[in-house]
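Notes follow the structure.
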Amino acid sequence: MEVVRWEDAQVKIDKSDIKARKLFEYDGSEFIVIKLSGFSELKKHKTPVDALFFVIQGEGEFYVGSESLSASQGTVVYSPKNIEHGFKNISEKELQVLVVKLK
């Protein structure tokens with residue numbers, strides 16, 4: 001068994017409004033938790049791998065290509081590789097998203 005706590009995970013982004021840490025990596029896939037403070041945004045970008053976004057807490061607006069969707073706790077959003085994607089927090093409360101970058 002392997003256990004990784006947020007506090008001990010590898011820091012990917014450490015800004016005042018965005019925190020991201022890689023919790024786990026397995027067979028080329030990465031599991032990252034991103035925390036966005038109220039009304040902050042992870043700007044649109046592309047990745048060379050497919051990605052899943054699972055909303056752990058809060059509510060956000062997700063962008064994949066030309067589509068957008070409001071999503072709250074328990075929702076999964078899929079983004080194919082090489083497609084521009086991003087999301088923003090649409091409330092005052094923290095938005096927490098588990099990002100799974102698939103190999």
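Computed values, structure above
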{"read-out": "Karplus (6.51, -1.76, 1.60) ³J(HN,Hα), θ = phi - 60°, over segment 46-56, in Hz, Gly and Pro reported as x", "value": "10, 10, x, 9, 5, 9, 10, 10, 10, 7, 7"}
{"read-out": "Long-range amide H partners of Ile83 with built H, under 5 Å", "value": "Thr47"}
{"read-out": "Backbone N under 16 Å from the Glu94 label point (7 Å along Cα→Cβ), restricted to segment 36-72", "value": "36-41, 55-60"}
{"read-out": "Using alpha carbons only: equivalent-ellipsoid semi-axes of the chain, gyration tensor based, whole Å", "value": "20, 18, 12"}
{"read-out": "Cα-projected label distance for Ser16 with Val49, points at 7 Å along beta-carbon direction, nm", "value": "3.2 nm"}
{"read-out": "In segment 4-103, GluC sites (Glu not before Pro) in a DSSP loop with at most 14 other beta-carbon atoms within 10 Å", "value": "Glu84, Glu92"}
{"read-out": "Sites Ser70 and Trp6 - FRET efficiency at Förster radius 35 Å, r taken between beta-carbons, to 0.05", "value": "0.85"}
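Rule-based calculations on the coordinates, nothing more; no lab input. Nothing here was measured: the structure is a model prediction, and the numbers come from that model. For neighbour counting, all protein chains shown are included, and Cβ atoms are generated from backbone atoms with ideal geometry for every residue, glycine included.
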